[in-house]
Amino acid sequence: MGPAPRLQHPTGAGAAVRGTERAGPRRQPAGGGGLAAGGRRPPVRPSPRRGTLLVGLAVVVALLVGGRWLAIETAERAWATSVTGGEVYLKARDLARLIHGLTLLLAIGWGTGNLYYVYRTIGSVQLPRRLGDLEIVEAVPQRVLLAATVASGLVYGLLLALGTGDWWLQAVLASRPPHFGVVEPVLQRDLGYYVGELPWAVTCQNFALRATTTATLVVGLLYVGIGSLRWSGWRPVTSPHARGHLGFLLALFALALVRGAALDPAEAVAGFHGSVDAAMVAVRLPGARLVEVLGVATVLASLAWGLRDTTRALLVAWGALVLGSLAAYVVAPGVARGPSPVAGGKIERDRLEQLAFGAGWTQVPPPRGFPSIAAAATALPVWDADRVAAVARRAHLWSPRAPVGGVALTARPEDVRPAWLVVPAPGGGASAPEGAGQDSMRSWTELHRGARARAGRAVVAIEADSGLALSAAATRDSTFWFGAGFREFAVAAPDTWPEARAAGIPLAGWWRRTALAWVLQSPDLARAQTDGLVLLWRRDVADRLERLAPFASFEAPTPLLASGTPWWISYGYVAGGAFPLVRTLTLPGGDAPIRYWRAGLVGLVDPVSGATRLYLAPGADSLATAWARLSAPLVRPLDSLPPELRRQLPFPREGFRLAVELVLRERNDSAPWRPEPREPYELAAPRPGDSDGMPGLWTAQGFATGAPTQLAALLSGTMSPAGPRLFLWTPSAPLPLPAELLGSPQTAPGVLRLWTADGAFATAQALFDEPSTDGTPHRVTQVYLTWGEREGEGPTVAAALHNLLASGARALPADTSLAARWESARRLAARADSALRVGDLEGFSRLDGELRRLLGAGRKLAPTRSRR
């Protein structure tokens with residue numbers, strides 16, 4: 001039937017099978033486009049696949065992340081070679097990353113392992129889908145479930161490891177804890193245990209508790225979701241696989257609670273759970289032992305339930321543990337808490353607080369002080385650091401935009417009057433572009449290589465009767481590259497600035513320059529015009545010191561001048577996470593409570609060469625000594641500190657502020673004390689016991705009480721060769737303080753300074769011509785002095801001293817309240833008016849003077865100006 005097949009050849013791919021051509025296979029149709037041309041036709045180009053794009057994107061991300069990491073490593077190692085102790089800095093970075101990496105791996109392994117154990121119980125997961133009006137069920141592939149399990153474990157581990165970046169500090173200190181040689185009276189433990197070992201133990205216990213709690217909750221919810229865990233009445237019904245898993249997690253959870261109960265007595269003594277008193281110690285410490293016993297029983301009951309399904313024992317054990325914890329930690333301490341102190345009483349608590357904050361003062365009668373009131377009036381400053389800085393800026397000694405980096409009172413024997421050392425800062429940051437034609441390269445050069453990248457010579461400001469006498473400080477170099485406020489990096493030519501070569505990073509090699517440009521986000525560092533230059537990085541003093549010693553916090557630096565060499569000095573404070581029987585304090589300007597805070601390090605930075613040195617501070621505590629031992633040779637012993645620098649060391653500012661808070665807190669009399677003046681002040685005065693007669697730097701704070709205001713005590717601190725010393729001087733009899741000096745829109749009062757002269761207390765204060773429109777002091781308009789019962793005033797210190805010596809004892813009214821002063825003023829005004837009516841000009845003048853003294857007219861009585 002039909003035509004003959006006319007088979008011409010064996011069929012192959014792309015060849016015609018049947019056709020009308022007798023001589024061969026059928027030809028390709030003209031309109032076919034060569035679709036059946038077989039192997040002769042070129043293949044069709046496939047479309048780009050999604051997998052290729054994802055692989056390429058992953059490669060790009062890996063290159064960016066890996067390149068950024070390599071750039072940071074290169075930059076950090078290059079900077080470490082430019083500072084002394086850089087090898088210790090690199091070892092600390094490696095150790096920090098190692099501990100953080102191990103913690104992260106532990107968290108990820110913990111989360112992934114628990115989720116994988118749940119994954120093994122899942123047979124299949126089916127998801128419904130709709131195709132039009134049809135609903136079908138599709139099984140999720142096992143590889144997708146496994147990938148979701150691993151991804152969930154990774155996310156869980158990352159969240160669990162948040163906040164563990166600084167754990168390495170606690171771990172290192174716990175490996176070699178300090179030893180104080182002093183035991184606390186409750187648990188009879190050395191104080192070093194609370195500072196070095198307890199914080200790390202509490203951190204580990206909290207991490208274990210957080211890990212077991214979250215894992216138990218997540219795993220339990222997953223088992224409920226897949227049907228392996230349900231409740232029948234009050235009894236949990238589980239599969240053997242789920243019961244074994246949950247029993248193991250509950251046992252670990254209870255074990256973490258047992259560890260917390262073992263640490264609870266030390267935590268209670270350290271003040272983690274509130275103030276420590278005898279009632280709390282009597283009930284909480286035995287309660288912690290009870291919780292520890294119940295916790296061990298709960299661990300065994302959880303393991304037994306996981307193996308044998310002993311539900312009743314599990315519920316009874318956990319119920320007893322919960323009730324025992326509530327009774328021991330909440331109910332009993334709240335009921336039994338009372339004001340009774342622990343063993344040792346208030347004396348032991350005060351001793352430990354003074355040890356924790358380095359604020360152990362000696363309460364003695366006031367010393368003789370200055371040999372005479374004339375010497376005191378000459379040596380007591382009437383200016384302050386803010387006003388000295390304002391005058392120095394207005395004098396245009398440096399760049400017009402250059403701010404002041406630091407101001408410090410000096411104690412040089414050649415200075416008869418008070419002298420201040422003023423050090424400038426760089427001339428400000430980069431300004432915004434003003435137009436499209438702004439030359440960005442010129443701005444970069446000006447900021448990082450020009451005048452705004454460095455500061456000018458330091459200035460000495462000496463107080464004189466005519467104002468401040470400014471002169472250039474006698475330093476060997478006139479350009480500063482490092483200091484307070486040096487936040488931008490700088491690029492310098494070592495041939496022009498040879499002192500910067502040692503602290504600079506040579507811009508050599510394409511990869512180093514690229515890495516530094518990448519890290520600092522400055523492509524100009526990789527250009528050809530930086531060849532042969534050096535990079536000065538991390539030039540701020542506090543930032544530079546804290547990177548080298550991350551275990552300490554450094555205060556704002558202070559400038560010093562020793563043998564023509566300027567230095568920046570900053571005290572480093574070491575902190576402890578716990579300390580026994582100590583009530584917490586709060587640092588000025590901070591909100592975190594602290595239990596241990598002492599100045600243990602002295603950091604020095606050369607503003608010219610950037611040479612950075614770290615020393616143990618005089619009177620360093622055991623914690624600072626332990627950190628110096630762990631970071632050797634970064635921290636040097638105190639004996640290697642140059643003697644001239646050691647003699648000029650000021651008292652630690654933050655430590656003195658904490659001492660002021662302790663003094664105010666220890667005041668138990670009915671009349672509270674208040675600081676007078678409001679902030680501590682500095683002065684140069686002889687030190688007790690010094691035979692050379694050279695003045696030393698003091699930090700002082702007066703305390704006033706009552707109305708009229710009377711001097712209650714004077715807290716003073718100085719740095720002696722043995723360490724910081726604090727004195728609390730109290731007058732033998734109530735000493736009236738001068739009336740508060742008020743300002744006006746054109747004047748502002750200075751700082752009231754108190755000290756002793758020839759055995760009596762003296763005060764000095766100035767009134768400044770300081771218009772509120774610009775806030776810059778112009779000159780001293782009036783000086784006020786008091787000495788015992790004498791007082792004097794004048795336009796200069798010499799005039800005020802002459803007026804004081806010529807005057808008699810001051811007579812103060814018994815009541816200086818506003819109503820009493822107004823009544824006295826009314827009577828004096830009536831008497832003065834009567835004297836004027838009868839022509840008694842001498843009596844009128846005398847009454848007018850009394851009226852002015854009563855109202856403080858000589859002190860420009862006016863509404864107090866708001867602080868600027």
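Throughout, read-outs are computed from the coordinates displayed, never taken from laboratory work. Everything numeric in this text was worked out from a predicted model, so none of it was measured. With ideal geometry, Cβ positions are generated from the backbone for all residues, glycine too; neighbour counts draw on all protein chains shown.
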Practice item. Looking at the chain, send over the antiparallel percent of its DSSP beta bridges, to the nearest 5. Key: 95
Review point. Where does the charge balance sit around R412 when Lys and Arg score +1, Asp and Glu -1, over other residues with C-beta under 13 Å from its C-beta?
Key: -1
Review point. Where does the charge balance sit around S478 when Lys and Arg score +1, Asp and Glu -1, over other residues with C-beta under 14 Å from its C-beta?
Key: +1
Check your understanding: Given Y784, A473, I136, which one lies farthest toward the positive end of the charge dipole of the chain, if we put +1 on the Cβ of every Lys and Arg and -1 on the Cβ of every Asp and Glu?
Key -> I136
Check your understanding: Mean separation of Cα pairs under 8 Å and 6+ residues apart, divided by the residue count of the chain: what relative contact order is that in percent?
Key -> 10
Study note, to complete from the structure: Per-residue Cβ contact counts at 10 Å, fewest first, order R130, R595 as R130, R595
Exercise for review: Divide the volume of the convex hull of the Cα atoms of the chain by its number of residues and quote the answer in cubic angstrom per residue.
Suggested key: 333
Revision key, fill the gap. By Cβ neighbour count within 10 Å, fewest first, M694, M280, M719 rank M694, M280, M719
Review point. Of G504, T756, A425, which is farthest on the positive side of the dipole of the chain, counting Cα position, with +1 on Lys and Arg Cβ, -1 on Asp and Glu Cβ, and the Cα centre as origin?
Key: G504
Review point. Where does the chain land at 222 nm, in deg cm²/dmol rounded to the nearest 500, when only DSSP H runs of n ≥ 4 count, each adding -39500 (n - 2.57), divided by all residues?
Key: -12500 deg cm²/dmol
Check your understanding: Exposure proxy check: W567, W110, W511 ranked by fewest other beta carbons within 10 Å?
Key -> W511, W110, W567
Revision key, fill the gap. Given GluC sites (Glu not before Pro), DSSP loops and at most 10 other Cβ atoms within 10 Å, the longest exposed-site-free stretch of the chain is 435-868
Revision key, fill the gap. Magnitude of the Cβ-charge dipole (Lys and Arg +1, Asp and Glu -1) of the chain about the Cα centre, nearest 20 debye, reported as 4180
Point to revise | Interchain or long-range residues, amide H under 5 Å from G794's placed H | key: V783, A800
Revision key, fill the gap. Note, R487: beta-carbon cut-off 12 Å, +1 each Lys/Arg, -1 each Asp/Glu, net +1
Exercise for review: Could you point to the residue in L104, P367, A575 farthest towards the positive end of the chain's charge dipole, with +1 and -1 charges on the Cβ of Lys/Arg and Asp/Glu respectively?
Suggested key: L104
